[in-house]
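K.L.:
Sending over a structure as structure tokens; questions will come in a sec.
The values are calculated or read from the model by the stated rules, or taken from the named source; none is laboratory data. None of the values given here were measured: they were computed from a predicted structure. A quick note on method: Cβ atoms are made from the backbone with ideal geometry, for glycine too, and the neighbour counts reach across all protein chains shown. Protein only, heavy atoms only, side chains kept; ligands, DNA and RNA dropped before computing areas. Shrake-Rupley method; radii C 1.70, N 1.55, O 1.52, S 1.80 Å.
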Amino acid sequence: MKSTGIDRRVFVEQTLGAAAAATISPWTVPALAAVDDKPKRTRVGVIGCGSVSNVYLPHLSTCPYVDLVSACDIKPDRAKRQAGRFKIPNQYPHIDKMLAGAKFDLLVNLTDMQEHEHLNREAIDAGKHIWSEKPIANSLKAGQALLEQAKKRGVRVWGAPTVVNSPQFACMAKILAGGGLGRVAAAHADYGHTGPDWSSFFYEKGGGSLPDLGVYNLTTLTGLLGPAKSVVALTSIVTPTRVIRDKGRIKVTEEDNAMVLLDHGKGTLSHVQCGFNFFNPHGHEGSQEKRHTITIVGSTGALGLVGYDWEPLGVDLATASAPDFKRQATEKGDYVWQQGASLIAECLVTGKEPLFTAEHALHVVEIICAARQSQETGQRIDLVSSFKWPVMS
Ligand SMILES: NC(=O)c1ccc[n+]([C@@H]2O[C@H](COP(=O)([O-])OP(=O)(O)OC[C@H]3O[C@@H](n4cnc5c(N)ncnc54)[C@H](O)[C@@H]3O)[C@@H](O)[C@H]2O)c1
């Protein structure tokens with residue numbers, strides 16, 4: 001089976017040159033000023049030069065709104081390699097050196113999941129905007145503190161994933177908002193593969209399949225059905241040890257298998273299933289996934305998302321008046337899953353606002369923490385956070 005990194009890397013190379021495009025609405029934070037009458041660009045510093053940087057950097061380096069200023073990694077050879085490949089003039093072995101070095105506006109955080117929160121905090125403190133891979137923070141409380149800190153410093157924070165930006169998400173949101181399924185009752189989403197083998201953090205505390213994989217489906221379902229009110233979950237470890245490339249055999253201490261039930265209110269329930277032990281006959285090649293990985297059913301209709309929500313291929317709709325599934329939204333437009341940081345660079349220059357929000361990302365963080373609490377306690381866990389909904393342009 002191919003690895004996550006390789007498949008997504010191949011995918012981005014095939015789509016290189018696709019311009020970043022935001023779904024927009026008015027934005028109140030002032031756009032970055034032009035310098036010496038040169039075209040405005042967001043100066044970007046990238047921290048974390050591992051697997052996913054191979055997918056982000058080709059996109060960022062062809063984005064007309066991006067000036068790649070710095071690359072940083074605690075493994076300095078990685079920063080050096082990516083700086084060389086993508087013509088990034090400065091490279092650093094530590095965030096402190098990066099923040100004290102060449103000036104930049106936006107930190108793109110592509111480090112281990114457990115590192116995001118403290119690196120984001122340090123960069124906000126230094127007056128940088130943030131685009132963070134998931135999760136922005138390890139808990140709702142810590143994430144809210146980051147947003148508060150960002151407000152005080154006059155900067156903004158956004159985080160992956162970008163699934164709400166796809167034309168297929170927009171199609172489903174429009175059908176739901178128009179009452180196309182009648183009374184919405186239930187939804188199911190699943191996403192998994194056999195797990196990365198290049199870094200141990202995926203299997204250690206603060207990692208796990210929920211923040212790495214379940215996060216996509218949780219963002220999509222809450223984006224479509226609204227913020228969740230409460231959570232019930234079961235999680236487990238299916239494979240207690242793993243072999244990681246540079247470390248050998250490690251102990252798995254965070255869940256690698258999860259089932260999460262969400263109550264969205266008004267009777268609507270949904271379910272997300274994710275894990276690092278999911279055999280798939282075509283590996284993890286997004287374009288080969290032709291199943292409905294997300295289904296939503298209501299009193300007069302049913303929807304199916306064809307393919308993964310991070311690389312959707314179309315939307316199937318059946319209704320009481322047209323009961324055979326009919327496929328729509330088969331064009332992907334400019335959407336690619338790795339476009340988030342480029343879109344933010346564009347938004348910082350133009351003052352446009354992306355559809356994805358930090359509040360939505362933190363709602364999903366709260367769901368993940370609640371799922372773990374539910375597993376530990378056997379209880380249904382009430383949620384407190386929310387976000388602007390519906391998610392539509
Ligand atoms: N690999 C993928 O295909 C993929 C896809 C989507 C999202 N993601 C997300 O991207 C993030 C990174 O994943 P990855 O697969 O690239 O991992 P990786 O292990 O390949 O890369 C992480 C890099 O961050 C560096 N790093 C860790 N702590 C650091 C610190 N404090 N300062 C500077 N550098 C530091 C590591 O040395 C490493 O080079 C994760 O949040 C993951 O969930 C990965």
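K.L.:
For R380 and T62, what is the calculated FRET efficiency with R₀ set at 41 Å and r taken between the beta-carbons, to the nearest 0.05?
P.N.:
Details: r = 47 Å, r/R0 = 1.14.
The formula returns an efficiency of 0.30 here.
K.L.:
On to the next question. What is the P(r) of the stretch 155-211, as percent of Cα-Cα pairs per 10 Å bin from 0?
P.N.:
15, 31, 30, 20, 4
K.L.:
Now a separate question. Using amide H atoms built 1.01 Å from N in the peptide plane, name the residues 5+ places from L68, or on other chains, whose amide H lies under 5 Å from its own.
P.N.:
The list, which skips near neighbours in sequence, is V44.
K.L.:
Show that you can apply the helix-only estimate: for the chain, add -39,500 (n - 2.57) for every DSSP H stretch of four or more residues, divide by all residues, and state [θ] at 222 nm to the nearest 500. The partial results should precede the final answer.
P.N.:
Details: 10 runs with 113 residues, N = 393.
The helix contribution divided over the chain gives -9000 deg cm²/dmol.
K.L.:
Next up: For the stretch 152-281, divide the Cα radius of gyration by the Kirkwood radius and give the resulting Rg/Rh value with two decimals. Write down the numbers at each step before the final one.
P.N.:
Working: Rg = 17.1 Å, Rh = 16.4 Å.
In the stretch 152-281, Rg relative to Rh is 1.05.
K.L.:
Once the stretch 49-161 is represented by equal point scatterers at the alpha-carbon sites, with solvent omitted, what log10 I(q)/I(0) does the Debye formula produce at q = 0.18, 0.23, 0.24 Å⁻¹?
P.N.:
Taken in order of the listed q values, log10 I(q)/I(0) reads -0.89, -1.41, -1.50.
K.L.:
Convert 25 °C to kelvin, take the viscosity as 0.890 mPa s, use the Kirkwood radius over C-alpha pairs of the stretch 178-233 as Rh, and evaluate the Stokes-Einstein diffusion coefficient in µm²/s, rounded to a whole number.
P.N.:
Numbers: Rh = 13.6 Å.
Result for D is 181 µm²/s.
K.L.:
State the Kirkwood hydrodynamic radius of the stretch 236-352 in Å, one decimal place, computed from all pairs of distinct Cα atoms.
P.N.:
Working: mean 1/r = 0.0558 Å⁻¹.
One over the average 1/r among Cα pairs gives 17.9 Å for the stretch 236-352.
K.L.:
Can you give me the long-range amide H partners of G314? Hydrogens built in the peptide plane at 1.01 Å from N, cutoff under 5 Å, separation of 5 or more residues or another chain.
P.N.:
Counting only residues 5 or more places away or on other chains, the set is V306.
K.L.:
What percent do you get for the relative contact order of the stretch 45-144 when only Cα pairs under 8 Å and 6+ apart count? Show your work: numbers first, answer last.
P.N.:
Working: 165 pairs, mean separation 26.0, N = 100.
Once normalised by length, the contact order is 26 percent.
K.L.:
Please report the relative contact order for the stretch 179-252, taking Cα pairs under 8 Å with a sequence separation of at least 6, and give it as a percent rounded to a whole number. Walk me through the numbers on the way to the answer.
P.N.:
Details: 48 pairs, mean separation 24.6, N = 74.
Once divided by the residue count of the stretch 179-252, the mean separation gives 33 percent.
K.L.:
Moving to a separate point now. Let me know the whole percent of all Cα-Cα pairs from the stretch 284-363 that are separated by more than 19 Å. Intermediate results must be reported in sequence, preceding the final value.
P.N.:
Details: 1700 of 3160 pairs.
In whole percent, the share of Cα-Cα pairs in the stretch 284-363 beyond 19 Å is 54.
K.L.:
Collect residues whose amide H, placed 1.01 Å from N in the peptide plane, falls under 5 Å from the amide H of R291; neighbours closer than 5 in sequence don't count.
P.N.:
So R291 has HN proximity to G307.
K.L.:
What share of all Cα pairs of the stretch 105-163, in percent, falls into each consecutive 10 Å distance bin?
P.N.:
Per 10 Å bin, starting at 0, the Cα pair percentages come out as 28, 61, 12.
K.L.:
7 Å from Cα along Cα→Cβ at both D197 and R291: what's the point-to-point distance in nm?
P.N.:
Distance between label points: 2.2 nm.
K.L.:
Next question, about the same structure. Which semi-axis lengths, in whole Å and largest first, follow from the square roots of five times the eigenvalues of the Cα gyration tensor of the stretch 316-393? Each step should come with its number before you reach the end.
P.N.:
On the way: eigenvalues 172, 136, 29 Å².
They are 29, 26, 12 Å, listed from largest to smallest.
K.L.:
Related question: Starting from the Kirkwood Rh over alpha-carbon pairs, what translational D in µm² s⁻¹ does the stretch 200-260 have by Stokes-Einstein at 37 °C and 0.692 mPa s? Numbers along the way, then the final one.
P.N.:
On the way: Rh = 12.8 Å.
For the chosen part, D equals 256 µm²/s.
K.L.:
Longer than 19 Å from Cα to Cα, which of K103/K128; K174/K332; K290/K326; K40/K152 are they? Say none if no pair is. Write down the numbers at each step before the final one.
P.N.:
Working: K103/K128 10 Å; K174/K332 16 Å; K290/K326 15 Å; K40/K152 25 Å.
Correct reply: K40/K152.
K.L.:
Let me ask another. Using only protein heavy atoms and a 1.4 Å probe, report how much of M392 is accessible, in Å² to the nearest 10.
P.N.:
80
K.L.:
Give me the percent of Cα-Cα pairs in the chain that sit more than 42 Å apart, rounded to a whole number.
P.N.:
8
K.L.:
Percent relative contact order of the chain, based on C-alpha pairs within less than 8 angstrom and at least six residues apart?
P.N.:
Result for the chain is 22 percent.
K.L.:
Under 14 Å Cα to Cα from K134, which aspartates and glutamates show up? Leave out anything in the same chain fewer than 8 places away.
P.N.:
Cross-link targets: D112, E115, E117, D212, E359, E366.
K.L.:
Still on this structure, I have one more. HN-Hα J couplings of the stretch 315-327 from phi, Karplus 6.51/-1.76/1.60, θ = phi - 60°, integer Hz, Gly and Pro as x?
P.N.:
With coefficients 6.51, -1.76 and 1.60, one gets 10, 9, 10, 10, 10, 4, 8, 9, x, 7, 4, 10, 7 Hz.
K.L.:
Next up: If each of F279 and K103 carries a label point 7 Å out from its Cα toward its Cβ, how far apart are those two points in nm?
P.N.:
Using points 7 Å along Cα→Cβ, the separation is 5.8 nm.
K.L.:
If eta is 0.692 mPa s and T is 37 °C, what Stokes-Einstein diffusion coefficient results for the stretch 285-330, Kirkwood Rh from Cα pairs, in µm²/s? Present the calculation step by step, with values, prior to reporting the outcome.
P.N.:
Working: Rh = 10.7 Å.
This corresponds to a translational diffusion coefficient of 307 µm²/s.
K.L.:
Are there trypsin sites (Lys or Arg not before Pro) in the stretch 94-161 that DSSP marks as loop and that have at most 13 other Cβ atoms within 10 Å, and which are they?
P.N.:
Passing both the DSSP loop test and the Cβ count: K103.
K.L.:
Mind checking the angle between helix 76-85 and the chain's longest principal axis? C-alpha axes, 0 to 90 degrees, to the nearest 10.
P.N.:
Compared with the principal axis, the helix lies near 90 degrees.
K.L.:
What's the whole-number percent of alpha carbon pairs in the stretch 75-221 lying beyond 20 angstrom?
P.N.:
Details: 6438 of 10731 pairs.
Cα-Cα pairs in the stretch 75-221 separated by more than 20 Å: 60 percent.
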